[in-house]
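Novice: I'd like to ask some things about the structure below.
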There are 2 protein chains.
Amino acid sequence: MPDTGRSVHAIPITLEAAHSSAQYEVLVGAGLLSGCAERLSRACPAHRYAIISDDRVQPLYASVLRENLAADGMQSDVFTFPAGEEHKTRATWAAVTDAMLAAGLGRDTAVVALGGGVVGDLAGFVAATYMRGLPVAQVPTTLLAMIDASVGGKTAVDTPAGKNLVGAFHQPAVVLADPTVLRTLPDEHFRSGLAEAVKHGAIADSDHLAWIAAATTSLLSGDSDALVELIVRSVQIKADFVSRDERETGPRKALNFGHTIGHAVEAVSGFRLLHGEAVAIGMAVEASIGEAIGVTRHGTAARLREILLHIGLPVAVPPELSREEILRSTRTDKKARAGRVEYALIEELGQAGAEGSWGYAVEDEVVRGVLGDGAPTSD
Amino acid sequence: MPDTGRSVHAIPITLEAAHSSAQYEVLVGAGLLSGCAERLSRACPAHRYAIISDDRVQPLYASVLRENLAADGMQSDVFTFPAGEEHKTRATWAAVTDAMLAAGLGRDTAVVALGGGVVGDLAGFVAATYMRGLPVAQVPTTLLAMIDASVGGKTAVDTPAGKNLVGAFHQPAVVLADPTVLRTLPDEHFRSGLAEAVKHGAIADSDHLAWIAAATTSLLSGDSDALVELIVRSVQIKADFVSRDERETGPRKALNFGHTIGHAVEAVSGFRLLHGEAVAIGMAVEASIGEAIGVTRHGTAARLREILLHIGLPVAVPPELSREEILRSTRTDKKARAGRVEYALIEELGQAGAEGSWGYAVEDEVVRGVLGDGAPTSD
């Protein structure tokens with residue numbers, strides 16, 4: 001059997017929005033990071049490369065990347081900021097920008113975002129705004145970033161009022177996903193990433209969902225072939241939704257399944273829950289909400305909970321979190337329009353809600369009823 | 001004779017970049033501000049309108065605009081920041097953003113930028129980045145903003161390292177230019193705006209240039225018909241360049257005529273010179289540079305100086321400004337690539353440099369020679 005871990009899968013991404021189009025590739029392959037110079041220089045030719053990373057990922061992978069670029073005669077500088085969502089701020093964005101200006105980087109620079117979702121969001125926003133826009137290559141180092149954050153061109157930073165409230169759509173020139181880097185990813189972060197893969201299965205592909213459930217052990221043990229298959233299929237599903245709708249006004253909303261409750265639970269937990277853990281809880285709750293209002297086929301929530309528990313993900317709102325605070329938090333979500341809270345629900349596993357009605361407005365009483373089921377309310 | 005001041009001229013702007021296209025109109029008409037609600041709601045329908053202005057323009061025109069919107073049932077909020085280039089910063093951008101978030105404005109908001117170039121740049125950047133992008137209507141209140149800044153979609157703020165170093169390309173949904181508001185514009189600001197109109201004539205239309213020279217008295221006295229003609233023709237010229245080249249990699253560079261020296265003189269003067277004054281000096285110097293290297297027809301610089309002096313604009317570098325500092329400053333310009341300082345020169349009045357060679361690299365010695373002509377060097 002050939003070493004498929006050595007081959008590189010290229011997933012073409014084509015985005016067609018009302019007034020723009022973009023094309024780039026998500027490349028997936030074991031060992032990609034240590035041999036990416038030529039691919040990088042082809043996708044985003046530049047005078048200099050600004051590698052932006054955080055202080056958790058930089059010590060692990062920045063020198064591999066730099067040496068790889070240097071061997072091809074490509075000049076690079078590394079800009080590092082402290083790891084963690086709490087540093088995904090306008091202040092960090094300004095500090096990284098100023099460091100790049102101080103280094104004399106001009107318009108003929110390309111940014112390389114090396115890290116997880118926080119790095120991708122922050123470095124992407126630096127690239128989007130530096131001298132009105134530099135090309136960016138996304139080099140995700142977490143499963144979540146590989147299958148979710150690096151596709152679609154969303155960049156952002158947080159403000160005191162909430163997550164991702166300031167940002168830009170800025171498509172990458174290329175995405176390089178090397179699953180071997182996931183070996184250094186803590187186990188709970190890997191499971192958290194799997195939650196988004198489950199979501200992709202739940203909204204679009206029941207076979208992928210069943211495959212994830214069957215391959216969980218191989219995936220958790222770091223099997224390269226299984227990881228490549230997981231990433232390739234998940235990226236294809238996300239790309240399919242994003243291609244049709246760059247600016248998130250139609251079909252792309254399906255990708256918000258689990259995220260209305262998920263974001264609220266994540267915020268009310270004070271971000272003690274990882275994003276994927278909160279989304280797992282959100283999917284379980286929103287499947288039940290869908291069943292309660294007759295959108296989702298009966299039995300879907302139970303099967304989804306089973307798969308999530310098998311992976312080792314939570315499915316119930318922790319009892320210490322206030323149900324009323326969660327409800328209040330859903331009302332401040334960016335997805336709320338004209339005061340209406342929208343839920344992206346599924347009809348059954350593998351099938352998002354019908355086109356034209358991606359956003360379901362749900363009465364607070366229904367949400368209260370479902371939230372009350374999981375555990376005693378705390379207020 | 002019909003009151004042409006009441007009619008509205010619509011200049012369609014079509015931008016075709018590699019991966020995007022945008023279409024919008026620049027509307028020019030006397031009295032437009034007090035009857036713009038319907039045009040605004042058609043060009044950018046929104047749940048709420050965020051009027052962003054500075055504390056010089058807001059007291060003059062914000063209530064006219066708000067009442068006009070209210071009469072059509074459109075809800076608006078006003079956000080004001082202190083006037084002046086020194087407030088075109090990331091801090092002001094963050095403060096305006098936070099005020100809009102605190103007011104509960106969601107994605108279904110449109111921004112109205114009411115003011116001069118600083119307001120257009122700052123409000124445009126707020127719009128470009130608020131929840132990853134809101135539509136923006138530009139309502140320029142200075143001549144410079146009407147004929148230059150509001151067309152082309154450039155938005156930006158300054159950083160300690162320089163002007164416009166952080167920003168985005170974000171095309172407006174519509175531009176509303178009402179020349180009657182120019183009556184409150186200080187005289188030197190009006191002349192400064194005329195410098196950019198002269199530039200448009202110099203790079204593309206010698207007839208327009210001759211017309212400006214002949215109509216200077218009517219223009220300075222605030223004649224509505226003359227102002228409308230000036231704005232319409234200047235916007236058409238700028239739109240023609242911008243349409244062909246949204247991201248400034250080719251023909252659009254011609255619009256930088258006068259700006260390499262202009263920006264340097266402006267910076268070295270500590271921004272005591274107005275932008276248009278610095279550009280007037282820049283055009284005079286760069287026409288001489290062009291003559292010195294054989295790109296510009298002999299006699300062009302003299303004729304251009306004559307027109308600028310007739311308008312009341314400066315044409316020589318003030319003697320107290322260091323020539324060497326000006327040279328150093330040109331090297332840090334965003335237009336410098338790979339260390340090479342580029343000049344956008346003209347061949348003669350009405351004709352920018354030949355396509356394919358918009359950027360002329362000029363030896364420092366040549367620039368020194370020309371700068372030395374105007375006045376004794378100070379070092």
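Novice: Most mobile of A:190, A:257, A:271 per a Gaussian network model of chain A (Cα springs, under 10 Å)?
Specialist: Fluctuation is largest for A:271.
Novice: Summarise the partner chain shielding of B:188-197 as one whole number: the mean count of Cβ atoms from other chains within 10 Å of each residue's Cβ. Walk me through the numbers on the way to the answer.
Specialist: On the way: counts 0, 0, 0, 0, 0, 0, 0, 0, 0, 0.
Average neighbour count from other chains, rounded to a whole number: 0.
Novice: Please list B:365, B:342 from largest to smallest accessible area, probe radius 1.4 Å, with all protein chains kept in place. It would help to have the intermediate numbers written out before the result.
Specialist: Working: B:365 125, B:342 30 Å².
The most accessible residue leads, giving B:365, B:342.
Novice: With each pseudo-label sitting 7 Å past Cα toward Cβ, what's the residue B:60-residue A:297 distance in nm, one decimal?
Specialist: 6.6
Novice: How large a share of the accessible area of the protein assembly as shown, in percent, is made up of carbon and sulfur atoms when the probe is 1.4 Å and the other protein chains stay in place? Write out the running numbers ahead of the final one.
Specialist: On the way: 13780 of 27770 Å².
With neighbouring chains kept in place, the figure for the protein assembly as shown is 50 percent.
Novice: May I pose another question? Would you tell me the mean number of C-beta atoms belonging to other protein chains that fall within 10 Å of each C-beta in A:99-109, as a whole number?
Specialist: Values: counts 0, 2, 7, 2, 0, 3, 0, 8, 6, 3, 0.
What the average comes to for A:99-109 is 3.
Novice: Give me the 1.4 Å probe accessible area per residue for the protein assembly as shown, excluding ligands and nucleic acids, in Å².
Specialist: Details: 27770 Å² over 758 residues.
Dividing the accessible area of the protein assembly as shown by its residue count gives 37 Å².
Novice: Rounded to the nearest 100 Å², what is the sum over both chains of accessible area buried where A meets B, with a probe of 1.4 Å? Spell out each step's value before the answer.
Specialist: On the way: alone 15410 and 15400 Å², together 27770 Å².
Roughly 3000 Å² of accessible surface disappears when A and B pair.
Novice: Are there DSSP H segments in chain B that both extend 24 Å or more along their axis (alpha-carbon positions) and score a mean Kyte-Doolittle hydropathy of at least -1.0? List them, or say none. Don't skip to the end; give the middle numbers.
Specialist: On the way: long enough: B:187-204 (26 Å, -0.24); B:224-243 (27 Å, 0.75); B:275-292 (25 Å, 0.70).
For chain B, where a helix must reach 24 Å along its axis and average at least -1.0, the hits are B:187-204, B:224-243, B:275-292.
Novice: Using mean Cβ contacts within 10 Å as the protection proxy, how do B:286-298, A:282-294, B:166-178 order, highest first? Could you put the intermediate results ahead of the total?
Specialist: Numbers: B:286-298: 20.2, A:282-294: 23.1, B:166-178: 24.9.
By packing density, highest mean first, the sequence is B:166-178, A:282-294, B:286-298.
Novice: Other chains near B:125-133: what is the mean number of their Cβ atoms within 10 Å of each residue's Cβ?
Specialist: Numbers: counts 2, 1, 0, 7, 11, 3, 7, 16, 4.
For this peptide, the per-residue mean of nearby foreign Cβ atoms is 6.
Novice: What whole-number volume per residue, in cubic angstrom, does the convex hull of the C-alpha atoms of chain B give? Kindly include the intermediate steps, with their values, before the conclusion.
Specialist: Values: hull volume 48.8 nm³, N = 379.
Output value, Cα hull per residue: 129 Å³.
Novice: Right, another one. Please compute the contact order of chain A in relative form: average sequence separation of alpha-carbon pairs under 8 Å and at least six residues apart, divided by the residue count, as a percent. Write out the running numbers ahead of the final one.
Specialist: Values: 761 pairs, mean separation 56.0, N = 379.
Relative CO of chain A lands at 15 percent.
Novice: Report the gain in length on full extension from residue A:207 to residue A:309: 0.36 nm times residue separation, minus Cα-Cα distance, nm rounded to one decimal.
Specialist: On the way: separation 102, 0.36 × 102 = 36.72 nm, distance 1.83 nm.
Extra length from residue A:207 to residue A:309 when fully extended: 34.9 nm.
Novice: Moving to a separate point now. Any idea what the dipole of the stretch B:12-105 comes to, in debye rounded to 20, about its Cα centre with Lys/Arg Cβ at +1 and Asp/Glu Cβ at -1? The partial results should precede the final answer.
Specialist: Numbers: 7 positive and 11 negative charges, 20 e Å.
Dipole magnitude for the stretch B:12-105 comes out near 100 debye.
Novice: Something else about it: Report the rotationally averaged projected area of the stretch B:147-297 based on its alpha-carbon convex hull, in square nanometres. Don't skip to the answer; put the middle values down first.
Specialist: On the way: hull surface 39.4 nm².
For the stretch B:147-297, averaging the hull's shadow over all directions gives 9.8 nm².
Novice: What per residue convex hull volume, in Å³, comes out for the protein assembly as shown when only alpha-carbon positions are used? Numbers along the way, then the final one.
Specialist: Details: hull volume 116.7 nm³, N = 758.
In the protein assembly as shown, the Cα convex hull volume per residue is 154 Å³.
Novice: Suppose every Lys and Arg Cβ carries +1 and every Asp and Glu Cβ carries -1, with no other charges. What dipole size does the stretch B:255-313 come out with about its Cα centre, to the nearest 20 debye? Walk me through the numbers on the way to the answer.
Specialist: On the way: 4 positive and 5 negative charges, 17 e Å.
So the dipole magnitude of the stretch B:255-313 works out to roughly 80 debye.
Novice: With n ≥ 4 as the cut-off for DSSP H runs, can you work out [θ] at 222 nm for the protein assembly as shown, using -39500 (n - 2.57) per run divided by the number of residues, rounded to the nearest 500? Don't skip to the answer; put the middle values down first.
Specialist: On the way: 24 runs with 310 residues, N = 758.
Taken over the protein assembly as shown, the calculation gives -13000 deg cm²/dmol.
Novice: Shifting gears a bit: Under 10 Å, Cα contacts only: if you run a Gaussian network model on chain B, which one of B:117, B:31, B:270 comes out with the highest mean-square fluctuation?
Specialist: Maximum fluctuation in the GNM of chain B, among the listed residues, is at B:270.
Novice: Kindly state, to the nearest 0.05, the FRET efficiency for residue A:320 paired with residue B:183, given R0 = 51 Å and r defined as their beta-carbon distance.
Specialist: Efficiency computed from Cβ-Cβ geometry: 0.20.
Novice: Between residue B:331 and residue B:14, 0.36 nm times their residue separation minus their Cα-Cα distance comes to what?
Specialist: Working: separation 317, 0.36 × 317 = 114.12 nm, distance 3.29 nm.
Stretched fully, the residue B:331-residue B:14 segment lengthens by 110.8 nm.
Novice: Quick one: putting +1 on the C-beta of Lys and Arg, -1 on the C-beta of Asp and Glu, what dipole do you get for the stretch A:185-250 around its Cα centre, in Debye to the nearest 20? Display every interim value, and only then the final one.
Specialist: Numbers: 6 positive and 12 negative charges, 27 e Å.
For the stretch A:185-250, the charge dipole is close to 120 debye.
Novice: Using a Gaussian network for chain A with springs between C-alpha atoms less than 10 Å apart, which of these wobbles most: A:209, A:274, A:144?
Specialist: Looking only at A:209, A:274, A:144, the biggest GNM fluctuation is shown by A:274.
The values are calculated or read from the model by the stated rules, or taken from the named source; none is laboratory data. For clarity, every value in this text was computed on a predicted model and none was experimentally measured. Every residue, glycine as well, gets a Cβ built from its backbone with ideal geometry; the counts of neighbours run over all protein chains shown. The protein model used for the area step is the full one, side chains on, heavy atoms only, and it has no ligands, DNA or RNA in it. Shrake-Rupley method; radii C 1.70, N 1.55, O 1.52, S 1.80 Å.
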